[in-house]
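S.K.: The structure's right below; bear with me while I get my questions together.
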């Protein structure tokens, strides 16, 4: 994954220099792999825009609240 091919959308932390998770769009990827999420360990996952939309809707509905509790 060449960083110059990706469009940066957001950084999920940004308050440190520890390699925070980031969200990108890869406009040259097939639609089912267009969303790229990198973690702070150097790994990535790829999703379709619809899959990311499902995650966003679940979060808005509160379905992910339990996952965020320590």
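Quick note: the coordinates plus some simple rules give every number you see, no bench work behind them. Quantities reported herein were computed from a predicted structural model and do not represent experimental measurements. Methodologically, a virtual Cβ is constructed for each residue, glycine included, from the backbone with ideal geometry; neighbour enumeration extends over all protein chains shown.
S.K.: Can you work out the base-10 log of I(q)/I(0) for the chain at q = 0.12, 0.16 1/Å, using the Debye formula on its C-alpha atoms alone?
M.R.: Values, matching the q order: -0.36, -0.63.
S.K.: Right, another one. Please compute the contact order of the chain in relative form: average sequence separation of alpha-carbon pairs under 8 Å and at least six residues apart, divided by the residue count, as a percent.
M.R.: Rounded, it is 19 percent for the chain.
S.K.: Provide the packing ranking of 37-46, 59-68, 19-28, i.e. peptides ordered by the mean count of other C-beta atoms within 10 Å per residue, highest first.
M.R.: Numbers: 37-46: 12.7, 59-68: 9.4, 19-28: 15.0.
Order by mean packing, descending: 19-28, 37-46, 59-68.
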